[in-house]
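Comments concern the structure below.
Please treat every number below as a calculation from the coordinates, not as lab data. Note that this is a predicted model, so its numbers are computed, not measured. Ideal geometry is used to build each Cβ from the backbone, glycine not excepted, and the neighbour counts take in all protein chains shown.
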Amino acid sequence: MIIVLLGPPGAGKGTQASRIMQTHGLVQLSTGDMLRAAVSAGTEVGLKAKEFMAAGKLVTDEIVIGIIADRIEEDDCKSGFLLDGFPRTVAQAETLNKLLNDKNLTVDIVVEMKVDDESLVDRIAGRYTCAQCNKGYHDTYLKPQVADVCDGCGSANFTRRSDDNRETVISRLATYHTQTAPLLPFYKAQGVLRTIDGMADIDDVTVQINDVLSKLSA
């Protein structure tokens with residue numbers, strides 16, 4: 001089974017990808033992790049990627065596809081894999097399809113985690129963590145039981161990610177809608193797109209995804 005997980009930044013794709021891996025025994029292929037591994041291993045395509053990265057340039061689609069092509073030949077991908085962070089554009093999706101077709105493979109299902117933009121901005125911009133034990137909180141939805149005191153360890157030291165602010169989140173969402181959202185009609189036309197409610201509780205989202213995947217493997 002080959003799965004592509006789509007959704008804007010902050011939709012919870014990482015959490016759900018980990019659960020899919022555990023439940024369905026699939027390998028999660030992250031383009032960032034694969035790039036670093038290829039560079040570290042000194043493969044031919046990894047050396048090309050290293051040149052771009054050393055020059056501060058974005059790695060080309062051709063290089064990323066080359067790294068994916070090498071990675072899916074490994075034994076742990078034989079029963080399928082989950083693509084995380086790729087494709088991001090229709091051009092990348094078309095190139096991916098060609099790569100898979102050449103190997104007699106195909107994307108079996110694309111799961112869209114649909115979210116409401118304004119609700120997502122509020123969800124991300126309001127989150128913060130305890131700097132001591134890393135327990136997560138939210139300004140509105142999950143406050144400490146005692147104001148400014150961590151429920152987990154009693155620390156009063158909290159921190160926020162620098163990119164967890166409204167302006168940054170709105171900018172990232174705009175990029176998603178411009179570059180990545182066109183993948184939705186692209187995959188819908190291929191009959192592989194399934195949409196779930198990404199704003200639901202984390203466990204409910206997992207149930208929705210498992211339901212979709214179980215119908216595919218039935």
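Observations
- Matching residues, the stretch 1-46, being part of a helix (DSSP H, G or I) and loosely packed, with under 13 Cβ neighbours inside 10 Å: THR15, GLN22, GLY32, SER40, ALA41, GLU44
- Subset of the stretch 105-133 [part of a loop (DSSP other than H, G, I, E, B) and under 19 Å from the mean Cα position of the chain (by Cα)]: VAL107, ASP108, VAL115, ASP116
- Looking across PHE81, PHE52, one residue alone is aromatic (Phe, Trp, Tyr) and more than 19 Å from the chain's Cα centre (by Cα). It is PHE52.
- Pairing each residue of the stretch 96-113 that is at positive phi and among the basic types (Lys, Arg) with any residue that is surrounded by 15 or more Cβ atoms within 10 Å (Cβ to Cβ) and not in a helix (DSSP H, G or I), provided the two are 6+ apart or on different chains, yields no C-beta distance under 8 Å.
- Filter result (without any contact (Cβ under 8 Å) to a residue 40 or more places away in the chain and either farther than 21 Å from ASP203 by Cα or touching a Ser or Thr at 6+ places or on another chain (Cβ under 7 Å) (or both)) within the stretch 1-35: ASP33, MET34, LEU35
- GLY191 falls short on exactly one of the conditions (1) surrounded by fewer than 13 Cβ atoms within 10 Å (Cβ to Cβ); (2) in contact with a Pro (Cβ under 7 Å, 6 or more places away or on another chain), and that condition is (2).
- Taken over the stretch 53-93, the criterion of being over 14 Å from LEU35 (Cα atoms) and part of a helix (DSSP H, G or I) is satisfied by ASP75, ASP76, CYS77, VAL90, ALA91, GLN92, ALA93.
- Of all residues making up the stretch 151-206, the number that are part of a loop (DSSP other than H, G, I, E, B), over 19 Å from the mean Cα position of the chain (by Cα) and not polar (S, T, N, Q): 7
- Which listed residue is farther than 30 Å from ALA200 by Cα, β-branched (Val, Ile, Thr) and surrounded by fewer than 20 Cβ atoms within 10 Å (Cβ to Cβ), from ILE65, ILE72: ILE65
Yes/no matrix, rows are residues, columns are (1) polar (S, T, N, Q); (2) in contact with a Gly (Cβ under 9 Å, 6 or more places away or on another chain):
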| position | (1), (2) |
| --- | --- |
| ALA17 | no, no |
| ASP61 | no, no |
| ILE68 | no, no |
| ILE72 | no, no |
| GLY80 | no, yes |
| THR89 | yes, no |
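- Residues that are closer than 23 Å to ALA131 by Cα and loosely packed, with under 14 Cβ neighbours inside 10 Å, drawn from the stretch 166-188: ARG166
- Subset of the stretch 77-102 that is among the basic types (Lys, Arg) and surrounded by fewer than 16 Cβ atoms within 10 Å (Cβ to Cβ) - its residue that is farthest from ILE67 (Cα to Cα): LYS78
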